[in-house]
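The values are calculated or read from the model by the stated rules, or taken from the named source; none is laboratory data. This structure is a prediction, so every number in the text was calculated from the model and none was measured. FYI the Cβ positions are ideal-geometry reconstructions off the backbone, even for glycines, and counts take in every protein chain you see. Ligands, DNA and RNA are stripped out before the accessible areas are found, and what is left, the full protein with its side chains, is counted by its heavy atoms. Shrake-Rupley method; radii C 1.70, N 1.55, O 1.52, S 1.80 Å.
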Amino acid sequence: LHSSWLMRAYFFSTCTQNFIVAITEEVTNSVFIPKEEIGWTDSLNCVSRGVASWGGRVITHGSHWGDDFILEGLLLKRMTSAFSLTYIELLTLSHESMYEILQMFPKDQQIVRRAVVHMAVHRGVLYHAKKLGMLSGGKAHKVTKNMSEKWGNDVAEAEKRVKDELENNSRFHR
């Protein structure tokens, strides 16, 4: 039932059918009324019915957001709330559930790991480019002062999330 939208996430498209079936069983659903904020969670989200907005994009039936739930840390994640534009049914697969099941599927671990590395490198390069643009005070090639300020805010927000995660997450304490 839910496997078709999971396959739209590029990193699941080549995974084994057994893995897809297993994570499908962990999908939860929830309902939101129009104009309701859908707070950020570390999960892959798909609109089953209705229309939502996320990150300036309109999300309709079968579309998803939260691909970065495969990443471990918070620094490179887009922690943006979504909003329901109509009544919506939202399907959700959490980071924890996916990784718990992934332990039982070594072949799929390799597939997801490659996607994690690809996404982390891509987002890491963007993060550092923003940081360099911010540090240049807008003097870098074709970087406006407004872009520099926005990137500075993005970098500061990301670094604050990491600091908070390190302070509050027991998996980082010894």
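Looking at the range 78-97, which of its residues are over 27 Å from residue 34 (Cβ atoms) and among the charged types (D, E, K, R)? It would help to see each step written out before you state the result.
Here is the first cut: in the range 78-97, the residues over 27 Å from residue 34 (Cβ atoms) are 95-97.
Once the filter is applied, which keeps residues that are over 27 Å from residue 34 (Cβ atoms) and among the charged types (D, E, K, R), the range 78-97 yields only 96.
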Requested in this report: Can you confirm whether the range 145-167 contains a residue that is open to solvent by 70 Å² or more (accessible area, probe 1.4 Å), at pLDDT 60 or above, over 22 Å from residue 79 (Cα atoms) and over 19 Å from the mean Cα position of the chain (by Cα)?
Outcome: yes
